[in-house]
Every structure is written in structure tokens, then in C-alpha cells.
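Novice: For reference, the structure I am asking about is given below.
Where a number appears in this text, it was derived from the coordinates with a stated rule and is not lab data. Please read all numbers here as calculations on a predicted model, not as lab measurements. Positions of Cβ are generated from backbone atoms using ideal geometry, with glycine treated the same way; all protein chains shown enter the neighbour counts.
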Amino acid sequence: MKKIFVVMLAFMLSIFTVACGQATPTEVVTDYLEAIKAQDMDAVDLLYAGDADDVSMDSSEEIDTDSFSEELTNKLIDMYSAFEYSVSNETIDGDTATVDVTIKSYNIGAAMKSALSESISQIFAMAFSGASDEEIDEMSNNIFMENLEAATFDLEQTVTISLTKEDGQWVVDAFEDDSPFIDAITGGLLTFSKGIEDAFSN
């Protein structure tokens, strides 16, 4: 009887040890968010079922930075990585789970909208006056930089992140292109880009 008890105790301890070694959905989401803030795409790859480029500012499809100066691009990346978050409401159902995340960020989308509106009027005026492409780009970059520097850190959104257990480990599910989570961590860039698309389509 004593031997059976020892075997059962060892078995229970082994299960407890394995369970303790597994990160919870909340811990995985926290690590995932920290990897995004650090723009550590190798870490993102380990925690995310989709393409790491989904959350990489360097490859973001929400805004074309080809005509932006290096200073302006770096400013965007710094603001993008500055978001704060709190994690709550973990729910587990078998091999699936959800975690709520409240994200606070710079209102980048509003700043970009304001800058675009301001620069468009000046672009036409400068073009008609014979300004060069370089001069127009410099003017536009200055306007975007001014608006980004004036952006407020007050955009707060709560989103739900889904996870799936794969090979015993929790992994963040891939996001759709119009994911509220992507909009939240980019400071409303999805909302901004959708507004531009709708304006052109109309």
C-alpha cells in the first residue's frame, strides 16, 4: 500500500511540474505584447500563429513610409512601440482561450489624418508654383512630424485576443487584416487607412 502511495505521489508531482512549466494564456499574451513593443520578431514568431510582419512597423501595410524621411519613420516606430497595456479576463475552454487586453497608445491615426489634410492643400499650391519634388517632400515631412509630435497619448481600446494550444503550448491566433487589435497597437492606423480608402472609393 505504501509503495502504491509513493508511485501515485510521484505521478502527481510529475503532472504538477509539467503544468507549472507551461505558460498560461495571460503569460503568453504578455510576452507577445512585450515582443511587439521591442519589435523582436523572432520572439513574436514563437508566440504567434500568423506572420510576424502583421505586427512589424517596418513592414506595416497600413501606411506607406517610402516618401518619409528617416527621422519621421523612426518617430513613427517609437510612437508605435510606446503603447501601454493591461491584461484581464482569461478564459480557457479546452485547447482554446481568450484574453482581454486594454491598450493605450498615441492617437497616431488622428495625427496622420490631420497631417494629410494639411499637407494636401499645400502640395497643390507648391506644385502649381513650380516647386520640386524634393521641396514638396520636405514640406510634407515637416507637417507630418509636427502633427505626430502634437499627438496625444489618450487613445484607449479594449480588444480580445484568441489563443490555441499547439503541442501543449499556448499560441496567439493569427489576426484578420481588419483586426481591432492591430488598430489598437498602431494607434488607430487601421481606422485612418480605412477612412482614406472610403474617401477614394466614394
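Novice: How high is the FRET efficiency between GLU176 and ASP45 when r is their beta carbon distance and R₀ equals 25 Å, given to the nearest 0.05?
Specialist: About 0.85, to the nearest 0.05.
Novice: Roughly speaking, what is the stretch gain from PHE153 to GLU70, that is 0.36 nm per residue apart minus the C-alpha to C-alpha distance, in nm to one decimal?
Specialist: Difference between extended and current length: 27.6 nm.
Novice: Next question. Using per-residue counts of other Cβ atoms within 10 Å, averaged over each peptide, order 163-171, 32-40 from highest down.
Specialist: The peptides rank, most packed first, as 32-40, 163-171.
Novice: Given the pairs LYS113/LYS194; LYS37/LYS165; LYS75/LYS194; LYS75/LYS113, which are separated by over 19 angstrom at their Cα positions?
Specialist: Listed pairs above 19 Å: LYS37/LYS165; LYS75/LYS194.
Novice: Under a point spin-label approximation (7 Å from Cα along Cα-to-Cβ), what is the THR160-GLU34 distance to one decimal in nm?
Specialist: A separation of 2.7 nm, rounded to one decimal place.
Novice: With r defined as the distance between the Cβ atoms of GLU197 and GLU118 and R0 fixed at 22 Å, what FRET efficiency is calculated, to the nearest 0.05?
Specialist: Result of the calculation: an efficiency of 0.65.
Novice: Next question, about the same structure. Which peptide among 47-53, 120-126, 184-190 comes first, and what is the full order, when sorted by highest mean count of other Cβ atoms within 10 Å?
Specialist: Final packing ranking: 184-190, 47-53, 120-126.
Novice: Modelled label-to-label distance, ASP78 and GLN22, 7 Å Cα→beta-carbon offset: nm?
Specialist: In this crude spin-label approximation the distance works out to 4.3 nm.
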